[in-house]
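The block underneath contains the structure these notes are about, expressed in structure tokens.
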Amino acid sequence: GAGVSQSPSNKVTEKGKDVELRCDPISGHTALYWYRQSLGQGLEFLIYFQGNSAPDKSGLPSDRFSAERTGGSVSTLTIQRTQQEDSAVYLCASSPQGGRDEQYFGPGTRLTVT
Amino acid sequence: GENVEQHPSTLSVQEGDSAVIKCTYSDSASNYFPWYKQELGKRPQLIIDIRSNVGEKKDQRIAVTLNKTAKHFSLHITETQPEDSAVYFCAADSSYKLIFGSGTRLLVRP
């Protein structure tokens, strides 16, 4: 079956602009995660969804970051007034129920803020 | 909250030798410990995982060991091959999410 997909694969934006990153999880997976990976670094947890609810937003770096999930499926991560330090690869992952399930990662969106 | 530390940050081995990567965790409630492999420019992919009811698990050239008392777990790769070169991440579950280690860059020299 289809895996996790993300769009766009690459995004270059000017400082101060808003961007939207999209994640399509595996069908039927109730849990969805967003991570950020800076160049050569580890996986930084941003936010977790269970269905359409986000019980944990503790990883969002600032109030410029927000995310939503609709219909228990597609999720959008929005970054407002982008800064150069937002440049990174944003990875989405889904799992059947969350918790102690394998997480399946998407290919990521490489964001470059100029 | 959970904290996962991973060592070493880089590891270079000769093809055919073994490689060992170690992780420690802080939350005694953690029960699920996956290992992910990330090749350059690719997404992380699960290579093996272990749950707290077992102490060791093997899958061909890869094995993972878990010591819950000491709160550490390790990845062992035997007979390394150039295609094993990648970044490896350990993780531990913390309620509904995974906390990842900082990664180990493994280089297998032909």
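The values are calculated or read from the model by the stated rules, or taken from the named source; none is laboratory data. The shown structure was predicted, so the numbers you read here are calculated from the model rather than taken from an experiment. In this analysis, Cβ positions are derived from the backbone assuming ideal geometry, glycine residues included, and neighbour counts consider all displayed protein chains. Side chains are part of the model used for accessible areas, which takes the heavy atoms of the whole protein and leaves out ligands, DNA and RNA. Shrake-Rupley method; radii C 1.70, N 1.55, O 1.52, S 1.80 Å.
Only protein heavy atoms count here, probed at 1.4 Å, and on that basis chains B and A bury about 1700 Å² of accessible area in total. Taking the Cα centre of chain A as origin and assigning +1 to Lys and Arg Cβ atoms and -1 to Asp and Glu Cβ atoms, the resulting dipole is close to 160 debye. Ranking B:His76, A:His29, B:His7 from most to least accessible surface, computed with a 1.4 Å probe over the protein chains only, gives B:His7, B:His76, A:His29.
Total lysine pairs in the range B:1-92 at Cα distances under 22 Å, for residues eight or more apart or on different chains: 12. Ranking A:Thr114, A:Ser53, A:Ser94 by how far each Cα lies toward the positive end of the dipole of the protein assembly as shown (charges on Cβ) leaves A:Thr114 at the top. Around the Cα centre of chain B, unit charges on the Cβ atoms of Lys, Arg, Asp and Glu (plus for the first two, minus for the last two) sum to a dipole of about 160 debye. Here the range B:1-69 is treated as an ellipsoid with the same Cα gyration tensor; its semi-axes, largest first and in whole Å, are 22, 15, 13. Rolling a 1.4 Å probe over the protein heavy atoms gives the protein assembly as shown an accessible area of 48 Å² per residue.
Compactness of the range B:21-110 is given as radius of gyration and Dmax, 12.9, 41 Å, from Cα positions.
Summing Lys and Arg as +1 and Asp and Glu as -1 over all other residues whose Cβ lies under 14 Å from the Cβ of B:Asp49 gives a net charge of 0. Over all distinct Cα-Cα pairs of the range B:1-41, the Kirkwood formula returns a hydrodynamic radius of 12.7 Å. Label separation (B:Ser26 vs A:Thr112): 3.7 nm, computed from points 7 Å beyond Cα along the C-beta direction. With N the number of residues in chain A, Rg(Cα) / (2.2 N^0.38 Å) evaluates to 0.99. Lys/Arg Cβ at +1, Asp/Glu Cβ at -1, dipole of the protein assembly as shown taken about the Cα centre: which of A:Leu43, A:Thr70, B:Ile50 is farthest positive-ward? The residue sitting farthest along the positive end of the dipole is A:Thr70. Taking the chain by itself as reference, the range B:63-110 contains these residues with an accessible-area loss of 10 Å² or more in the full protein complex (1.4 Å probe, heavy atoms): B:Phe89, B:Asp93, B:Ser95, B:Tyr96, B:Lys97, B:Leu98, B:Phe100, B:Ser102, B:Arg105. Taking only the C-alpha atoms of the protein assembly as shown, Rg followed by Dmax gives 17.6, 50 Å.
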